[in-house]
1. What distance in nm lies between label points placed 7 Å from Cα along the C-beta direction at S40 and L17?
2. Nearest 10 degrees, 0 to 90: what angle lies between the long axis of helix 5-56 and the longest principal axis of the chain (Cα atoms)?
3. Nearest 0.05, what FRET efficiency do N31 and A54 give at R0 = 25 Å with Cβ-Cβ as r?
4. Across the chain, how large is the tail of the calculated P(r) beyond 20 Å, expressed as a percent of all Cα pairs?
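Every read-out reported here was derived from the displayed coordinates using simple, explicitly stated rules and does not represent laboratory data. Note that the structure is predicted; figures quoted are calculated from it, not measured. Here the Cβ positions follow ideal geometry from the backbone for every residue, glycine too, while neighbour counts run over all protein chains shown.
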Amino acid sequence: MRLNNKGFAISTVLYSLLIMATLILFLLLGNLSFERRTTSDLVNNIKSELNAFANSH
């Protein structure tokens, strides 16, 4: 049985591009999740400080 080297090379490149695109997608989603969590924490801190200031007067 003889392997087709051209087809093997093309499928290797396509699979590696697919894996790279998947990894990049997961990295972007992780980064967006971290930014959302950080922003939510900041908003909650500002809310609690404003409520504390409003209740002290």
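1. Computed distance between label sites S40 and L17 equals 3.6 nm.
2. Around 0 degrees separate the two axes.
3. Details: r = 35 Å, r/R0 = 1.39.
That gives a FRET efficiency of 0.10.
4. Percentage above 20 Å: 61.
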